[in-house]
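Heads up, the thing below is written out as C-alpha cells.
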Amino acid sequence: MDSSLTSAQIHKILQSRTFANKRQLRRLLEVLSSNLDSQELLTADLVIQELWPDEIRTKRSTDVATEMNRLRHALKNYYEGEGAGDAILITLLVCRIAQVHRKNT
C-alpha cells in the first residue's frame, strides 16, 4: 500500500473526534506509524521511552500491552462510527507491535 495513503489515514484518525481526548493513544499511534518501515526494531522498551520518558524505570511491557489494547479498542470504535466509510482500515496485530493496512470491502 502507498505509504502516503497510510499516512493520510493515520492523520485522519489522529484528528478524529474518537481520538480527540485520547492524548496517550494518539501518541502511541504516532510512534507506531513513524516506525512502520522498521517494525522489527520497535520493541516495548522503545515504546516506553517514547510514551513515558520520565517513567522508564517503572513502566514494563505489560504497560505497553495495556495501551495497545486500548488503542485497538479506540480504532474499533473509530471504524464503527465516524470512520465507517473510510477506504483504508488500520488494524493492530495482537502478538507484535505492528500495523496491517487493507481496503475495506
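Quick look at the values:
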| quantity | calculated |
| --- | --- |
| Whole-Hz couplings from phi, Karplus 6.51/-1.76/1.60, listed for the range 6-16; x for Gly and Pro | 4, 4, 5, 5, 4, 4, 4, 5, 4, 8, 6 |
| For residue 88, distant residues with modelled amide H under 5 Å away | 104 |
| Phi to ³J(HN,Hα) by Karplus 6.51 cos²θ - 1.76 cosθ + 1.60 over the range 83-93, Hz, x for Gly, Pro | x, 4, x, 5, 7, 10, 10, 9, 10, 10, 6 |
| Relative packing of peptides 41-48, 22-29, 56-63 - highest average C-beta neighbours within 10 Å first | 22-29, 41-48, 56-63 |
| Pairwise label distance in nanometres, residue 73 with residue 55, each label 7 Å out on the Cα-Cβ vector | 1.6 nm |
| Neighbourhood net charge (11 Å Cβ-Cβ; Lys/Arg +1, Asp/Glu -1) for residue 25 | +4 |
| Radius ratio Rg over Rh of the range 3-103, counting only Cα atoms, Kirkwood formula for Rh | 0.95 |
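Computed from the coordinates by the stated procedures, all read-outs in this text should not be read as laboratory data. Note that the structure is a prediction, hence the values are computed from the model and not measured. With ideal geometry, Cβ positions are generated from the backbone for all residues, glycine too; neighbour counts draw on all protein chains shown.
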